[in-house]
Amino acid sequence: MDDRMFRNAMGKFATGVTVITTEVEDQVHGMTANAFMSVSLNPKLVLISIGEKAKMRDRIRQSKTYAVSFLAENQKEVSMQFAGQIKEEREFEFDWLNDMPVIKDALGVLTCNVVGEHEAGDHTLFIGEVTDIRLKEEVEPLVFYQGKYRELTALKESIPN
Ligand code: FAD
């Protein structure tokens, strides 16, 4: 199977968009990621998958902590910035939760301690135990599908009352 077929197939799975953040020696680093999932309720565990070429991988290995910010529908530029898709260098004003840098105005933010690390091909899976959560109500998510950013639209109620 060729790489394009695999990429196309994975692109058929719609996701939200997150920015992973961590701090090493007072330097904040952020990276856009959609490979995020909830893993366990008790204990509360989540998972992210970071590519071997991403600088974020070694930064999380050093800090042993990371935060996940779920981007809102008006934060496409934030996603592009932390994916390295905006060429000029831009300052970014981070917000803070539990002494960790997070993305301001994200619709959900959680902080984690790394409790597991697994090599998986050319990516590394970091399991995080959730230490804090902050949510914003009445904000819609940014959606990523087939390589494009989208908005979420509710389906019309199809079951008659
Ligand atoms: P860099 O390339 O150094 O950082 C990325 C960019 O973030 C920088 O160019 C800079 O603009 C900005 N930035 C970082 N820190 C700061 C700061 N303190 N202040 C201001 N700006 C800052 N890759 C994965 O490994 N896993 C995924 O799940 C994943 N999902 C993705 C989903 C989407 C929708 C997209 C678009 C990309 C995804 N990527 C994923 C790719 C990943 O976002 C890029 O490869 C990214 O550039 C890798 O970042 P890096 O850690 O190497 O750091």
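The values are calculated or read from the model by the stated rules, or taken from the named source; none is laboratory data. Everything numeric here is computed off the predicted structure, so don't read it as measured data. With ideal geometry, Cβ positions are generated from the backbone for all residues, glycine too; neighbour counts draw on all protein chains shown. What goes into the accessible areas is simple: the full protein's heavy atoms, side chains included, and nothing from ligands, DNA or RNA. Shrake-Rupley method; radii C 1.70, N 1.55, O 1.52, S 1.80 Å.
Extension gain for R134 to N98 (0.36 nm times residue separation, less C-alpha to C-alpha distance): 12.0 nm.
A DSSP coil position with no more than 15 other Cβ atoms inside 10 Å describes the following GluC sites (Glu not before Pro) in segment 9-87: E25, E52.
The mean sequence distance of close C-alpha pairs (under 8 Å, at least 6 residues apart), as a share of the length of segment 85-126, puts its relative contact order at 21 percent.
What the pair-distance distribution of segment 10-56 shows, using all Cα-Cα distances binned every 5 Å from zero, is 5, 16, 22, 23, 19, 11, 3, 1 percent. Pairs of lysines in the chain whose Cα atoms sit within less than 14 Å of one another amount to 4, provided the residues are eight or more positions apart or on different chains. The S40 and I159 beta-carbon pair, evaluated with R₀ = 35 Å, returns a calculated FRET efficiency of approximately 0.65. The trypsin sites (Lys or Arg not before Pro) of segment 119-149 that DSSP puts in a loop, and whose beta carbon has at most 12 other beta carbons within 10 Å, are K136.
Counting protein heavy atoms only, segment 17-147 has 47 percent of its accessible area on carbon and sulfur, 1.4 angstrom probe. Computed over all pairs of different Cα atoms, the Kirkwood value for the hydrodynamic radius of segment 1-114 is 15.0 Å.
Accessible surface for the chain, divided over its residues, is 68 Å² per residue with a 1.4 Å probe.
When each of the peptides 89-101, 27-39, 56-68 is scored by the mean number of other C-beta atoms lying within 10 Å of its residues, the order from highest to lowest reads 56-68, 27-39, 89-101. Taking a point 7 Å from the Cα of Q62 along the Cα-to-Cβ direction, the residues of segment 1-42 with backbone N closer than 11 Å to it are 23-29.
Relative contact order for the chain: 27 percent, from Cα pairs under 8 Å spaced at least 6 residues apart, divided by residue count.
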